[in-house]
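**Student:** Okay, handing you the structure first.
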Amino acid sequence: MKIAVPMERDPVEGRVAATAETVKKLKALGFDVTVETGAGTKSRIPDADYEAVGATIAADAASAAAGADVILRVRRPTAEEAAAYPAGALVIGMLDPYGAKEAMQDLASKGLTTFSMEFMPRITRAQVMDVLSSQANLAGYQAVIDAAATFDRAFPMMMTAAGTIPAARVFVMGAGVAGLQAIATARRLGAVVTATDVRPAAKDQVESLGAKFVAVEDEEFKQAETAAGYAKPMSAEYQAKQAALVAEHIKKQDVVITTALIPGRPAPKLVSAAMVASMKPGSVLIDLAIERGGNVEGAVAGEIAEVNGVKIVGHLNVAGRIAASASSLYARNLYAFLETLVDRQEKKLAVNYEDELVKATLVTKDGQIVHPALAN
Ligand code: NAD
């Protein structure tokens, strides 16, 4: 049983799918592990650390993948990378399969069995495998750190002999995993924090973190959560009412952090150019939804845009900006899933295709795209 851990090729990707800690555990499960040289460098894991726990270091991606039964990835492999993967291998990663049908079909056609960790059901048993939570949590934290570093004033109220500086006003839009961590982090830095979401359950969570909840709480809002706990797309009428409320609120904010997403859809546009224009020069917006099209009008992927002195930060892969921590959690998420695919006694792969975790995450098998969400 062999596992391959290639280096991620995307220039904004500093994470790696296995750490020395998880390699050690994978060895104990009965796997041989081959890591491509340099795979851990951006996460501060030198080859020597992998070797010290028994991994083999391969000189390139193709020799790392040769003979592998399982390939652990952060991102979806390109067609070129996948060409070196043995037919029949399992590929596990954040494959971002929505809108990537052709790329997924290509992986299927190569005979790869792929699992997309983003589809892991949010049930108790799978919490330890929840990559969306582990990465969003760090992204929410890092968004506030980026905001504080970009903002040219202090976050906490400071009472000094020379007088008082007011606390920064931070508004968090979208109070899921990333948003709640952003609220907590901004509070720790001493900001006055408000937050909004369309899910009624978010209200208590926001308030329990000491932030004020700001939203139009009408009948539609009360029904705005799916059975899975996700946001539903809101009607144009609701969006207009909410936008009016937000427009008034945003004028008085120093920092806005947007995290609003709806699974499988483009991010809702929540902050218009007019709202940005209403903010004071020096204010900062951090758009964590940029990879799904962004919540903020004028946000540019991978750049810091500036409009009348207001900065709109569109960093890509924000969790990857703290790659060492992100890899550490992500690698544990992958290990926990892989553990369920192995017969520990026999020390061999034993994938139960009837298991709900496997069913939920399996994207391609036997040459086909099999995931129901990608069927059409
Ligand atoms: P997400 O990343 O899909 O979206 C982020 C937030 O944006 C969500 O809170 C969503 O409601 C909000 N949003 C969407 N449209 C919006 C709009 N127009 N205006 C304002 N906000 C908007 O969400 P997530 O962080 O993955 O969390 C989604 C849900 O899953 C939450 O209820 C969370 O508590 C739950 N969850 C459960 C588990 C578990 O193990 N049971 C684990 C993680 C998350």
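**Student:** Once the Cβ-Cβ distance between Ala79 and Ser235 is put in as r, and R0 is 45 Å, what FRET efficiency do you end up with, to the nearest 0.05?
**Tutor:** 0.65
**Student:** Translational diffusion coefficient, Stokes-Einstein: compute it for region 306-376 using the Kirkwood radius over C-alpha pairs as Rh, at 10 °C and 1.306 mPa s, and state it as an integer in µm² s⁻¹.
**Tutor:** 100
**Student:** Positive end of the charge dipole of region 136-321 (Lys, Arg +1 and Asp, Glu -1 on Cβ, about the Cα centre): tell me which of Ala136, Ile262, Ala211 has its Cα farthest that way.
**Tutor:** Of the listed residues, the answer is Ala211.
**Student:** Given the pairs Lys42/Lys269; Lys212/Lys269; Lys101/Lys359; Lys203/Lys232; Lys24/Lys348, which span a C-alpha to C-alpha distance of over 25 angstrom in this model?
**Tutor:** Pairs exceeding 25 Å: Lys42/Lys269.
**Student:** Something else now. Tell me the mean residue ellipticity at 222 nm calculated for the chain from its helices only (DSSP H runs of n ≥ 4, each -39500 (n - 2.57), averaged over every residue, nearest 500).
**Tutor:** Using -39500 (n - 2.57) per qualifying helix, the result is -9000 deg cm²/dmol.
**Student:** If you don't mind, there's one more thing I want to ask. Looking at region 65-190, what % of its DSSP beta bridges pair antiparallel, to the nearest 5?
**Tutor:** Taking every DSSP beta bridge with both residues in region 65-190, the antiparallel ones total about 25 percent.
**Student:** Apply the Karplus parameterisation 6.51 cos²θ - 1.76 cosθ + 1.60, with θ equal to phi minus 60°, to every residue of region 21-29 and state each ³J(HN,Hα) to the nearest whole Hz, in sequence, with x for glycine and proline.
**Tutor:** Coupling constants for region 21-29: 4, 6, 4, 4, 5, 5, 4, 5, 6 Hz.
**Student:** Right, something else. Working from the alpha-carbon coordinates of the chain, get Rg over Rh, Rh being the Kirkwood radius.
**Tutor:** 1.01
**Student:** While we're looking at this one, here's another question. Whole-Hz ³J(HN,Hα) for each residue in region 263-269, computed from phi via Karplus 6.51 cos²θ - 1.76 cosθ + 1.60 with θ = phi - 60°, x for glycine and proline: what do you get?
**Tutor:** x, x, 10, x, 5, x, 7
**Student:** Okay, moving on. Would you work out which of Ala360, Ile286, Thr19 lies farthest towards the positive end of the dipole of the chain? Charges go on Cβ: Lys and Arg +1, Asp and Glu -1.
**Tutor:** Of the options given, the answer is Ile286.
**Student:** How would you classify region 238-312 from its alpha-carbon gyration tensor, with a ≥ b ≥ c the square roots of the eigenvalues: rounded for a/c under 1.5, else prolate if a/b is greater than b/c, otherwise oblate?
**Tutor:** Since a/c reaches 1.5 but b/c is at least a/b, the shape of region 238-312 is classed as oblate.
**Student:** Using unit Cβ charges (K, R positive; D, E negative) and no other charged atoms, how large, in debye to the nearest 20, is the dipole of region 200-294 about its Cα centre?
**Tutor:** Using Cβ point charges on Lys, Arg, Asp and Glu, region 200-294 gives about 280 debye.
**Student:** Counting only Cα atoms, I'd like the Rg/Rh figure for region 209-268, Kirkwood definition for Rh.
**Tutor:** Across region 209-268, the Cα-based Rg/Rh ratio is 0.96.
**Student:** Going by a ≥ b ≥ c, the root eigenvalues of the Cα gyration tensor, does region 167-229 fall in the rounded group (a/c under 1.5), the prolate group (a/b larger than b/c) or the oblate group?
**Tutor:** Taking the square roots of the gyration eigenvalues as a ≥ b ≥ c, region 167-229 is prolate.
**Student:** Just the C-alpha atoms of region 136-321: what Rg/Rh do they give, with Rh taken as the Kirkwood radius?
**Tutor:** Result: Rg/Rh = 0.95.
**Student:** If you don't mind, another one. To the nearest 20 debye, what charge dipole does region 136-321 have about its Cα centre, counting +1 at the Cβ of each Lys and Arg and -1 at the Cβ of each Asp and Glu?
**Tutor:** That gives a dipole near 300 debye.
**Student:** With +1 on each Lys and Arg Cβ and -1 on each Asp and Glu Cβ, how big is the dipole of the chain about its Cα centre, in debye rounded to the nearest 20?
**Tutor:** Computed charge dipole of the chain: roughly 700 debye.
**Student:** Taking 2.2 N^0.38 Å as the expected size of a compact globular protein, what ratio does the Cα radius of gyration of region 260-360 give against it, to two decimals?
**Tutor:** Normalised by 2.2 N^0.38 Å, the Cα Rg of region 260-360 equals 1.60.
**Student:** Let me ask something else. Taking every DSSP beta bridge with both residues inside the chain, roughly what % is antiparallel (nearest 5)?
**Tutor:** 30
Laboratory data are not the source of any read-out in this text; all were calculated from the coordinates shown. What you see is a predicted model; the values in this text were computed from it and never measured. Heads up, the Cβs are rebuilt from the backbone with ideal geometry, glycines too, and the neighbour counts pull from every protein chain shown.
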